[in-house]
1. Can you pull out the residues in segment A:64-107 that are small (Gly, Ala, Ser), modelled with pLDDT of 85 or more and either closer than 24 Å to A:Glu168 by Cβ or buried (at least 18 other Cβ atoms within 10 Å of the Cβ) (or both)?
2. Of everything in segment A:108-137, what is modelled with pLDDT of 85 or more and acidic (Asp, Glu)? Give them in sequence order.
3. Might you check whether a residue that is of a type in the set (A, V, I, L, M), part of a helix (DSSP H, G or I) and at pLDDT below 85 occurs anywhere in segment B:152-164?
4. Of the residues B:Glu323, B:Glu278, which single one is within 14 Å of chain A (Cβ to nearest Cβ), out of contact with any Gly (no Cβ under 6 Å at 6 or more places or on another chain) and over 30 Å from B:Gly383 (Cβ atoms)?
5. Could you grab me the full set of residues in segment B:298-317 that are among the hydrophobic types (A, V, I, L, M, F, W, C) and not in a loop (DSSP other than H, G, I, E, B)?
6. Determine, yes or no, whether A:Gly216 is part of a loop (DSSP other than H, G, I, E, B) and crowded, with 20+ Cβ neighbours inside 10 Å.
7. Please find, among B:Ala284, B:Ala291, B:Ala359, the residue that is at the interface with chain A (Cβ under 8 Å from one of its Cβ atoms) and at pLDDT below 85.
8. For A:Leu115, state whether it is more than 14 Å from chain B (Cβ to nearest Cβ) and within 30 Å of B:Leu298 (Cα to Cα).
Amino acid sequence: MRLLVVEDEAKTGDYLRQGLVEAGFVVDLARDGLDGLHLGQTGDYDLAILDVMLPRLNGWQVLAGLRQAGREMPVLFLTARDQVEDRVRGLELGADDYLVKPFAFAELLARVRTLLRRGSRAQEPQQMRAADLELDLLRRRVSRGGRHIDLTAKEFALLELLLRRQGEVLPRSLIASQVWDMNFDSDTNVIEVAVRRLRAKVDDGFETKLIRTVRGMGYVLDAAGA
Amino acid sequence: MRRTASISARLTLLFAAVATSILLVLGLLVGNEVERHFVEQDMEVLDGKNHLIGHLLEQYRSPADLPMLVRQLGDSLVGHHGLAAVLIDGAGRRVFATPGAAFPEAMLLGDGADGRPRTWMQDGLPWRGVASRLPTAGGQPAEMRVALAVDISHHERFMASFRRTLWLFVAFAALLAGVLGWVVVRRGLAPLQAMRRDAAAVTADRLDLRLALDDVPAELAELAATLNEMLARLEDSFGRLRDFSSDRAHELRTPVSNLMTETQVALSRARSPEEYREILGSNAEEFERMARMIGDMLFLAQADHGLLVPTREPVDLAAQVRELFDFFDALAEEKGLRLALEGGGSVTGDTLMLRRALANLIANAIRHSVRDSRVEVRIGAAGGGTLLAIENRGEPVPAQHLSRIFDRFHRVDPSRSRDDEGAGLGLAITRSIVRAHGGEITARALPDGMRFEILLA
């Protein structure tokens with residue numbers, strides 16, 4: 001997967017590139033809007049990450065230029081200002097998502113993966129597994145090592161999310177948004193508690209611990225264990 | 001800007017105008033009365049002479065009596081200074097006239113003798129006179145016409161001098177009233193000057209100053225009291241703002257100082273990858289908290305500037321609360337809490353914002369609940385709107401903190417840790433959202449807990 005990142009702030013750009021490369025993407029980084037537009041028009045990218053405030057051409061103009069050139073890749077905006085009109089403008093111009101700075105890198109990664117997965121989610125698996133954990137979407141049943149695990153509806157949804165995105169570190173905010181539809185940051189440790197309870201049901205008594213906490217990042221379900 | 005005359009000037013003018021008008025009217029009345037009195041006096045004299053002549057005419061029988069009559073008239077009329085008389089017989093002849101007597105022609109004609117008083121000028125002197133018909137004793141002729149007049153120049157002189165005195169007096173009185181009015185007004189407004197001086201001393205540093213209320217007239221006392229209340233409100237708001245600024249600096253300084261110390265200690269010697277991971281993870285958590293706080297502060301700043309514009313869509317409050325209960329379920333269960341919902345109702349507003357507001361309230365209730373108690377939400381119609389009340393069992397907030405519970409960063413117990421209570425912005429955000437929806441939020445301490453109420457239209 002090839003990503004285009006247009007970010008003028010030097011440190012931010014470097015870290016974004018490093019983080020995304022380490023997450024397995026091929027990344028081209030442009031430092032201003034004009035270079036970014038040029039890269040986007042000539043190269044073949046699966047996704048573009050655009051800062052709104054850019055020298056020479058701003059993010060909106062880059063996006064408009066890309067769309068004019070017939071480039072239909074998903075675009076994620078990074079903005080320092082959380083203004084309603086910015087969002088509206090971005091959506092009108094065909095942005096697919098936006099993140100307000102400062103954001104968690106795990107959040108960015110999760111969103112990027114969500115955008116890339118969009119459209120290519122043709123065959124929905126009916127069963128998901130990790131090591132000896134099995135989740136049956138149709139029958140809404142979970143078992144591990146052949147033993148049935150009783151989960152509440154939200155615990156089921158949480159486990160489904162972790163399984164669907166195995167190996168990805170999911171930040172708390174993404175979990176709150178995907179499982180509970182809560183799209184705001186909460187001061188509480190409600191996600192921690194929910195994950196802890198799910199882990200007690202899924203991992204307690206098993207040699208291999210599937211659900212892991214990545215400190216400062218979020219949670220990951222990994223068949224390799226920790 | 002329209003320039004308005006000073007109160008002193010306006011009141012001074014008013015006093016002078018009122019005094020002048022009253023004195024003028026009074027002067028005119030007195031003047032008229034005196035003049036009427038003079039006319040009466042003149043008429044009395046003329047009537048007296050008329051009677052006398054009438055009396056003499058009663059003894060006139062024929063022209064043979066004429067010399068006798070003329071002599072008698074001469075005796076009684078001639079030599080009276082300032083009196084003029086003319087007697088005319090039936091044939092229109094002047095039978096008798098005092099020396100120098102001069103009358104307007106009209107008075108001496110037949111139909112001029114109508115008994116009405118007249119005034120005129122003759123040789124520069126004012127006269128008042130009357131002409132009438134008087135019967136004689138005989139038929140030769142049966143009646144004669146008499147014209148009588150008195151010189152009224154001494155009355156006119158008096159009136160002229162009276163009027164002059166009156167005008168002078170009125171002018172002087174008006175001036176006096178103005179000056180006195182000005183003095184009284186200045187003295188009356190002196191407390192206003194004092195208030196101005198008091199007010200001038202109030203600055204941002206000295207918001208504790210108040211206007212003096214003693215020695216202030218009743219009319220101004222109310223104004224001064226109201227201004228003092230305004231000052232009290234300003235002082236309160238200003239204090240909050242000051243607290244907020246220092247709180248904000250403090251809130252940001254603590255995590256930054258933690259991060260700096262932690263990072264510098266970590267860098268002070270080589271460590272294992274696990275240790276580095278631990279430190280970076282801890283840093284990331286701290287950063288996340290700061291990012292959240294900054295986000296919340298920006299949200300509140302937007303609200304302060306009226307930039308928080310909620311969308312308007314029907315929101316089922318009960319459904320929102322149920323979803324939030326679902327979200328907080330794990331947290332509540334950890335503390336053995338039961339989340340209970342009663343009633344229901346819909347409002348018009350922004351689903352996302354209202355959900356955030358309610359989430360903060362519920363999180364707050366859970367945070368401050370004692371173990372194994374209930375958090376109760378009741379929704380119902382009240383006062384033309386919808387009332388949502390949330391109650392929890394726990395330590396009630398002391399009365400002195402109740403009014404500031406919605407302030408940014410305000411904590412009932414400043415020593416309590418941040419982990420325990422969040423950033424202290426939750427309730428402030430809730431209030432901003434409720435206000436942006438045109439609603440009101442209140443907090444009440446119960447004997448064994450707290451109750452928050454949101455009233456939405």
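The values are calculated or read from the model by the stated rules, or taken from the named source; none is laboratory data. Since the model is a prediction, treat every value here as computed from it, not as a measurement. All Cβ positions, even for glycine, are placed from backbone atoms using ideal geometry, and neighbour counts span all protein chains on display.
1. Our first condition is that a residue be small (Gly, Ala, Ser); within segment A:64-107, this holds for A:64-65, A:69-70, A:80, A:90, A:94-95, A:104, A:106.
After this cut, where a residue has to be modelled with pLDDT of 85 or more as well, the list is A:64-65, A:69-70.
Selection gives A:Gly65 alone.
2. Within segment A:108-137, A:Asp132, A:Glu134, A:Asp136 qualify.
3. Here is the first cut: in segment B:152-164, the residues of a type in the set (A, V, I, L, M) are B:152, B:159-160.
After this cut, where a residue has to be part of a helix (DSSP H, G or I) as well, the list is B:159-160.
Imposing the further condition that a residue be at pLDDT below 85 reduces the set to none.
No, because not a single residue in segment B:152-164 is of a type in the set (A, V, I, L, M), part of a helix (DSSP H, G or I) and at pLDDT below 85.
4. Values: B:Glu323 fails: over 30 Å from B:Gly383 (Cβ atoms).
Criteria check complete, one pass: B:Glu278.
5. Initially, segment B:298-317 is screened for residues among the hydrophobic types (A, V, I, L, M, F, W, C), giving B:298-301, B:303, B:307-309, B:315, B:317.
Within segment B:298-317, B:Leu298, B:Phe299, B:Leu300, B:Ala301, B:Ala303, B:Val315, B:Leu317 qualify.
6. Here the answer is yes, as A:Gly216 does meet what is asked.
7. Working: B:Ala284 fails: at pLDDT below 85; B:Ala359 fails: at pLDDT below 85.
B:Ala291 is the lone residue from the list that is at the interface with chain A (Cβ under 8 Å from one of its Cβ atoms) and at pLDDT below 85.
8. Details: more than 14 Å from chain B (Cβ to nearest Cβ): yes; within 30 Å of B:Leu298 (Cα to Cα): yes.
So A:Leu115 passes the test.
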